[in-house]
Amino acid sequence: MLKIEGLSIAFRTAEGLRPAVTDMSFEIAPGEILGLVGESGSGKTLMSLAVMGLLPPNAVVTAGRVLDQGTDLLGLPPEALRRRRGAEISMIFQDPIASLDPLYRCGDQVIEAILLHEPIGRRAARARALELFERVRLPDPARAMRAYPHELSGGQCQRVMIAMAIVCRPRIIIADEPTTALDVTVQRQVLDLLRELNREVGAAILLITHDLGVIAQTADRVAVMYQGRMVEEARTADLFARPQQPYTRGLIGAMPQGRQAPGQGLTTVAAAAAGTTRAIALRTPPDPSAPPLLEIRDLDKSYRVPGGLVPGARTVRAVDGVSLSIWPRETLGLVGESGCGKTTLSRLIMRLSEPDSGQMLFAGRDITHLSPKAMVPLRREISMVFQNPYGSLNPRQTVEELVGAPLIIHGEGDAASRQARVARLVEHVGLPRAALSRYPHEFSGGQRQRIVIARALALNPRLVICDEAVSALDLSVQAQVLNLLADLQAEHDLAYLFISHDLSVVEHVSDRIAVMQKGRIVETGPAEAIFAAPRDPYTRALLSAVPRIPGQSARSEETAR
Amino acid sequence: MTRPMRGIVHTLRDLARSRPAIRLWMGVLALIVLVALFGPLMAPQDAFAINPLAVLQGPSAAHPLGTDEFGRDLLSRLLIGIRPTMLVALGATAIAAAGGTTLGIFAAYGPNWLGTTIMRGVDVMLSFPPILLALLAVGFWKSGVSSLIIVIGILYIPHFARVAQAATLQVVRQEFIEAEHSMGAPYRRVVATGILPNILSPLVVQATLTLAAAILLESGLSFLGLGIVPPEPSWGQMIGTARGYLGQNPLYVLWPSACLALTVLAINIIGDALRDHLDPRLRQV
């Protein structure tokens, strides 16, 4: 049994101690899964590192105890703690491929972990590892034993990590965002496996995640963390049915559930605290009888992948005969798992890479083979919001230069009018005026995405491609950005191509949805129809894997009314 | 003042304000530059006047730093000898930086065949020791400041090209370059605002290293008698000559060596600070 009492952690800074975690207390019984939810920076990972005795050198525990069967782990000498790690406490990390050593075979890494903690021979350890690989249901365990991490998929690597974590039957397992890097269908399988194995192993699992859906599906109890403090702890069903604290209510409200009702945005944490809901602007619905804004016909794009030891290159069809249309003022959601060709498609539409064959028509004009020069005027009409708000802004430019870039590139107005327009745009996306002279690294992820959105809107485009635009953001920030996008769509008559792997987000924002698998569009249709009655087996599998929180279906019917 | 000039002045002023220790080193460097500019005027004696009666003497009232093997005043020779050394170092670094950065960016951002051609050429050049190529070039051509600048400058182009190419390869993979393309930015804008500012840090470091290396190479060539031709003094040439008289006047080798070390140190420290300062992420607020 793991018991944490009044744990406080602070960072040493030049100005003295800055508290990061304050007075956390909870306990986890054997066989129980406690979900710890909180947004980035809420201190949840720091907490887990304290339990493992792996705090970074500039962090100190200022108060509290971490009791494992009555022993205070914080008081143990490093050597004793090291021996406990792996044997009694183990950890499953976020990125399974990065957490396995790329130079060793997966089997050897597990055998190594066994030999480190148990006095058995190599042969016995190998048999044990093989048995474990079967238990975590790796397809073809013998092959997985011989495989290097890069030869397995993300989900398979996470199974190897889980096998390694349970190999010595630990009493405590800390899983830090174990499925965040995985596709939703794989996430489902991994979470099920974790739950099922825990019934046998009987460990106390601390499941850290920002995803309420994962918690709802897996945890027995939930602790909610906000700004280093625990704001609420309850049984999972109770928490979702009757959230007590405004923050928790805000968090649950920020989860996109079902279709966006006209004029009603997602609840943000601030709105929940004030007891209000966020209204969004009403928009004119798209007109399906009008000609489409963007029409894609039979688009193909293949890549040649070097064959490795096998001579000759392999061809991968990243985009395979895709046909899509987007009408003005419409949001088309494009869903699919990683590697299905979503991003290749968006790059093709932006003409950042050349299609092998097919046709793209923008407002009736064929843009498939326009020269880069002829494309320039069209780039005013189509703009893009990128996935990673940390990577898509030049760190050496101020916000003013960043947002003004499209204006300068297209020679729009003079310096004074550009400045005025940039100031308006920045205000429009809800950033303070003072932001203009600052650099991207001074902003949080959500604020950066606002900068990216302001830049995308600078030239009044007609189509905005949002490639995983909210995937890197926290739930409450995601809600703010989704509300902002909805407002802007109404105001500027934008059409969105909304690309995401997150089905609940896509369901929330889209008028129509296209499901992509292995470069092909397997199903398209109105969002309601796809979610109510998916026809394609892949769509069905995708939908059933989405973690739902209790009472969600009732809720979405409510909003639909 | 023109805009880039004002930018440089501002940057230097901010830099001096940001860290007190930097002021000291900026002072040292300013002094060195002053001496390089006005050294001949400051020389207390004729640097070329030979005095066979006072060779290899230690410091005295007449000769504060002593005399060399021909009885010439060392202080005066030091003050004059800085100019060719600094000219060669700065000129060569400027040529290497401009040429190497351009080649490196082309190699990484241009078409594949161009990148391959450039980088293989760079590899070939890097496989020769610079002193050997410098010897060949200077030997066949002529010695003197201008030829040294050009030869050493060209010799260090591959180093810059390597650094610039590696840094550019990393930068062009980032999404903000993609974003520039998606906005329809012309290539020269992508290079000027997207790539160049973001590869500046390693380039500044490389520049300080090259400055130091160019000084050393100049010294080496002069030492071998292929650089600055006697009786014209340069620090490197002085160090080279002084080596033969270590037994008679040990201080002879110390003065130019100490000056050289101090100069290189000042350049390196300011280069480091400049790199941190130019990166808004590392700048101390």
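Each value in this text was obtained by applying a stated rule to the coordinates, not by laboratory testing. Here the structure is a predicted model, which is why all the values come from computation and not from measurement. Please note: Cβ atoms are built from the backbone with ideal geometry, for glycine as well, and neighbour counts cover all protein chains shown.
The label-point distance for A:GLU528 and A:VAL61, in a model that sets each label 7 Å from Cα toward Cβ, rounds to 5.6 nm. With a simple spin-label model that places each label point 7 Å from the Cα along the Cα-to-Cβ direction, the separation between B:LEU265 and A:ARG85 comes to 4.1 nm. Sequence-distant contacts, meaning Cα pairs under 8 Å at least 6 residues apart, place the relative contact order of chain A at 15 percent. Along the charge dipole of chain B, pointing to its positive end and built from +1/-1 on Cβ of Lys, Arg, Asp and Glu, which listed residue (B:LEU103, B:VAL28, B:ILE199) has its Cα farthest out? In chain B, that residue is B:ILE199. Sorting A:315-328, A:355-368 by their mean Cβ neighbour count within 10 Å, with the most densely packed peptide first, gives A:315-328, A:355-368. Charge dipole of the stretch A:85-165 (Cα centre as origin; +1 on each Lys and Arg Cβ, -1 on each Asp and Glu Cβ, all else neutral): 240 debye, rounded to the nearest 20. Building the convex hull from the alpha-carbon atoms of chain A and averaging its projection over directions returns 28.4 nm². Counting only alpha carbon atoms, the long axis of helix A:184-201 and the longest principal axis of chain A meet at about 10°. Annotation: average projected area of the stretch A:45-165 is 8.5 square nanometres, based on the convex hull of Cα atoms across all directions. On a C-alpha basis, how far is the centre of the stretch A:280-299 from the centre of the stretch B:21-69 in Å? Whole number, if you could? With the stretch A:280-299 and the stretch B:21-69 each reduced to a Cα centre, they are spaced 79 Å.
Put simply, the amide H of A:GLN264, placed in the peptide plane, has neighbours under 5 Å in A:ILE280, leaving out anything fewer than 5 places away on its chain.
Computed over the alpha-carbon atoms, the stretch B:65-169 gives an Rg to Rh ratio of 1.16, Rh here being the Kirkwood radius from the mean inverse distance. Comparing B:TRP25, B:TRP255, B:TRP141, which has the greatest mean-square fluctuation in the GNM of chain B with Cα pairs linked when under 10 Å apart? Taking springs between Cα atoms under 10 Å, the residue moving most is B:TRP141.
Would you please classify the overall shape of the stretch A:422-473 from the alpha carbon gyration tensor, given that a ≥ b ≥ c denote the square roots of the eigenvalues, rounded means a/c under 1.5, and beyond that prolate means a/b larger than b/c while oblate covers the rest? It comes out oblate by the Cα gyration axes. Helical content of chain A, expressed as a calculated mean residue ellipticity at 222 nm, amounts to -11000 deg cm²/dmol (DSSP H runs of 4 or more residues, -39,500 (n - 2.57) each, divided by residue number, nearest 500).
Rounded to the nearest whole Hz, the Karplus-based 3J(HN,Hα) values (6.51 cos²θ - 1.76 cosθ + 1.60, θ = phi - 60°) of the stretch A:82-93 follow the sequence 4, 5, 6, 4, x, 7, 10, 10, 9, 9, 10, 9, with x at glycine and proline.
Add +1 for every Lys or Arg and -1 for every Asp or Glu among the other residues with Cβ under 10 Å from the Cβ of A:GLN489, and state the total. Combined, the nearby Lys, Arg, Asp and Glu give -2. When the alpha carbon gyration tensor of the stretch A:91-152 is reduced to an equivalent ellipsoid, its three semi-axes come out at 18, 14, 11 angstrom, largest first. Rounded to 0.05, the FRET efficiency of the A:VAL316 and B:LEU53 pair, given R0 = 60 Å and the Cβ-Cβ distance, is 0.10. This model, with +1 at the C-beta of Lys and Arg and -1 at the C-beta of Asp and Glu, gives chain A a dipole about its Cα centre of some 620 debye. Averaged over the residues of A:387-394, the number of partner chain Cβ atoms lying within 10 Å of the residue Cβ comes to 5.
Rounded to the nearest 5, what % of the DSSP beta bridges within the protein assembly as shown are antiparallel ones? Of all bridge pairs located within the protein assembly as shown, approximately 55 percent are antiparallel. Say a paramagnetic label sat at a point 7 Å from the Cα of B:HIS10, along Cα to Cβ; which residues of the stretch B:18-39 have their backbone N under 20 Å from it? Counting only backbone N, you get B:18-19. To the nearest ten degrees, helix A:122-135 and the longest principal axis of the Cα atoms of chain A are 50 degrees apart. By the rule of a C-alpha distance below 27 Å, with chain neighbours fewer than 8 residues away ignored, the lysines paired with A:LYS373 are A:LYS301, A:LYS342.
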